[in-house]
Structure formats: C-alpha cells, structure tokens
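Quick notes on the structure that follows.
The values are calculated or read from the model by the stated rules, or taken from the named source; none is laboratory data. No experiment lies behind these values; they were computed from the predicted model shown. As a convention, Cβ positions derive from the backbone with ideal geometry for all residues, glycine included, and neighbour counts pool all protein chains shown. Surface accessibility is based on the protein's heavy atoms, side chains included, excluding ligands, DNA and RNA. Shrake-Rupley method; radii C 1.70, N 1.55, O 1.52, S 1.80 Å.
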Amino acid sequence: MGNRHRTRSHSTRRSRLWLAGALPRIHDELGEAYFALAYEYLQYLHILEQRLFDLEFDIEDLEDSGSGPGDSEFDRAVQKHADDEDLQRLLSGTFVHALRAVDVLKDLAPVWVPAAVNDVLASLEVDADDARGLAQVGATGMVVFDKSPMRMREVLPSGPQMPEVDVDGVLWWTKRAATDVVPARLVLAPLTRSRDLQWLRGDGWKPSTLTEVTCFDVTASAEAGVDANLLPCVALLAKIGLAQQHNAIRVVDGSMRISHAA
C-alpha cells in the first residue's frame, strides 16, 4: 500500500528537488514558462486576427449579395465573428498577463518559507475578507513554501470543474499603486507543483516546477472583493504582510525567519 501511495504522489507532483537551494532554478523555470506562454498566445492572436479579417470580408460579400440578419449563413458568420472577438479579448488579456509576469520575475528574488513559519502565519487572526495586510508585502514578490499551507481550486463560470491542488507558492505584483484616496490593487498568482492542471495550462508549463493555479486582482482594503474560493490565498498573503509589519518574521538570505521577539 505504501508503494501505491508513492506512485500516486509522483504522478501528481513534480519530482525535482524542493528545497531553498533550488530557488534560483525554480525562479528561472517560472520566468521561462511565462515567456513561452506569451509567445504561444501571440501566435494564437495572429491566427485570430487573420480569421477575423477573413470573416469581415465574408460578411461584406454576404451583404453585397443581399443577405442580412435572419439569413442563416449571415447569422452564422456574424456569430462566429463575435465569438472570435471574445476569444481575442481573452487571449490578449492572458498574453499581457504572461508578459507582465516575465518582467516582474526579472527584478525579484523568491523567498523561501520554512514550515515553521507556516505555524506563525496560522496563528494570526485575519478576517476572511480583510486584505489590508497586502499593503505590507511590497510592490512585487514571490514566496515559495517548504510545506504547502493550503489547497485551492480555480472556479470557472463555465466549463469543467478544476482540480483542487496544493498552493506551493504565490507570485504577486502591483496593478495600481496606493494613493491618499485609494488603496493599492495587486495581482495574485498562486502556484502549484501539482501536474493536475498541466493538461489545461499549455505546453509552456511542462519544463517548470511550478504552474499557475489561477490569477486575480485584489484591493488591499478591509474588503478584498474577491470570490470566496480565493479568500484563503488573500488571507495567507495578508498574514505574511502583517507578520512582517509586526516583526514576527523577517527575511534573511532569501529565507523567512521567525524573529526572536515574536
């Protein structure tokens, strides 16, 4: 029975070394994955652009021949054009997201979070929707956990149910800087070692130890304003911010340490 358990574990988690000394490799792999995905999305966008161009000509030809709304061929072409425009907007967003991740990763060093720090974070009490602690984590950053502190799944408005996976890291960056009037708004991208998302995430992720679980925007305010399934990830990062603010933890040589005063 023990052997079967180990087999399942290796089938769903990447077997590369997982320790603080591997952070440079993990970091480089992630940047390369986002770059590969950006290139992949760009190719799709080129194909879509040509397809939309051809559809516009088809619609014009149908109009010239006297066809219009209510004619099945015309309606199909118009609907196809609308569907492709929706897909173009979606792919444009993912392309921009991947490029932004590449730029962010160039200028940061990931931080290792030992299992003992998880206990400190778990002891902190934060309201589920309170994201004010995010204001303390820095404009950009990436944490990688020795032991996963939580599990989550992406909830899609339609389509297949996504698998629940361990969260082994979080990448974030600032989308809107804080002012005297509005709080900061961040992009959070929880990361996993699980392979269970591989078939949905594209070939670009295959060489990377970590895969993006999902990504979402959140405001560093008393009301995060995100879906319930995302709140544990928000709370986790908010706790890191609060723990740093109160000197319960600090970063030394790329690793979080529990402060003696904590």
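Considering (1) open to solvent by 30 Å² or more (accessible area, probe 1.4 Å); (2) free of Cβ contacts under 8 Å to residues at least 24 places away in the same chain, say which one residue 67 fails and leave the rest.
Unmet for residue 67, out of (1) open to solvent by 30 Å² or more (accessible area, probe 1.4 Å); (2) free of Cβ contacts under 8 Å to residues at least 24 places away in the same chain: (1).
Is it true that residue 191 is over 14 Å from the mean Cα position of the chain (by Cα) and under 21 Å from residue 119 (Cα atoms)?
Considered against the rule, which asks whether it is over 14 Å from the mean Cα position of the chain (by Cα) and under 21 Å from residue 119 (Cα atoms), residue 191 comes out as no.
Quick check on region 73-94. Is at least one of its residues in a helix (DSSP H, G or I), among the aromatic types (Phe, Trp, Tyr) and open to solvent by 90 Å² or more (accessible area, probe 1.4 Å)?
No, region 73-94 has no match at all.
Take residue 137 and tell me if it is in contact with a Leu (Cβ under 8 Å, 6 or more places away or on another chain), of a type in the set (A, V, I, L, M, F, W, C), under 24 Å from residue 26 (Cβ atoms) and buried (at least 17 other Cβ atoms within 10 Å of the Cβ).
So residue 137 passes the test.
Just to verify a result, which residue in region 249-262, among those that are open to solvent by 20 Å² or more (accessible area, probe 1.4 Å), within 26 Å of residue 19 (Cα to Cα) and not in a strand (DSSP E or B), is modelled with the lowest pLDDT?
Looking at the filtered set, the residue picked out is 262.
For region 228-246, what are the residues that are farther than 11 Å from residue 128 by Cβ and surrounded by 18 or more Cβ atoms within 10 Å (Cβ to Cβ)?
Within region 228-246, 233, 236, 237, 239, 240, 241, 242, 243, 244 meet the criteria.
Could you pull out the residue among 143, 155, 170 that is of a type in the set (A, V, I, L, M) and over 14 Å from residue 234 (Cα atoms)?
Just a single option satisfies the conditions, and that option is 155.
Inside region 140-153, can you point out the residues that are in contact (Cβ under 8 Å) with a residue 60 or more places away in the chain and either open to solvent by 60 Å² or more (accessible area, probe 1.4 Å) or touching a Gly at 6+ places or on another chain (Cβ under 8 Å) (or both)?
Listed by number, the residues that qualify are 142, 143, 144, 153.
How many of the residues in region 95-108 are open to solvent by 60 Å² or more (accessible area, probe 1.4 Å) and in contact with a strand residue (DSSP E or B) (Cβ under 8 Å, 6 or more places away or on another chain)?
Residues meeting the conditions: 2.
Any residue that is over 21 Å from residue 121 (Cβ atoms) and at pLDDT below 90 - is there at least one of those in region 213-221?
So far as region 213-221 goes, no, none of its residues is over 21 Å from residue 121 (Cβ atoms) and at pLDDT below 90.
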